[in-house]
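Take a look at the structure set out below.
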Amino acid sequence: MVERDLGQAKIVYDDPEEGVVERVVQNEHAVHVRDHWVVRTGEDAEGNHVIRRIPRERVHYVERSTEEFKKTVESMADDIKDKLGVGGGSR
């Protein structure tokens with residue numbers, strides 16, 4: 001599988017111990033799920049991904065470089081539609 005550069009995301013949030021934190025991650029490592037952001041922060045000693053869940057109330061803002069991310073998401077959506085046999089281009 002070819003890895004694509006999907007750009008970066010910057011998330012600025014309040015941390016109870018560190019104060020205001022600004023973290024830059026790859027776009028695919030920052031997602032919004034229901035009422036919080038999930039951000040991949042690295043790996044542990046065994047090589048497992050470490051993630052941080054940040055309640056949306058603590059987030060000041062998120063900036064993303066979106067063009068490649070958007071193209072990839074649209075491509076993935078089209079692939080899923082094809083596999084499910086839905087769509088038909090009636091937008």
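The values are calculated or read from the model by the stated rules, or taken from the named source; none is laboratory data. All figures in this text were calculated on a predicted structure; none of them were measured in a lab. So basically every Cβ, Gly included, is an ideal-geometry build from the backbone, and we count neighbours across all protein chains shown. Only protein heavy atoms, including side chains, enter the accessible area calculation; ligands, DNA and RNA are left aside. Shrake-Rupley method; radii C 1.70, N 1.55, O 1.52, S 1.80 Å.
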**Complete:** In the neighbourhood of H60 defined by beta carbon distances under 14 Å, the net charge of the other residues (Lys, Arg +1; Asp, Glu -1) is -2
**Complete:** With label points set 7 Å from each Cα along the Cα-to-Cβ direction at V24 and H60, the distance between them in nm comes to 1.6
**Message:** Just to verify a number: what accessible area does V20 come out at with the full protein assembly present, 1.4 Å probe, Å² rounded to tens?
**Reply:** 100
**Request:** Please give the FRET efficiency for T41 paired with I80, using the beta carbon to beta carbon distance and R0 = 30 Å, rounded to the nearest 0.05.
**Result:** 0.55
**Asked** If you roll a 1.4 Å probe over the heavy atoms of the protein chains, what accessible area per residue do you get for segment 1-54, in Å²?
**Response** 71
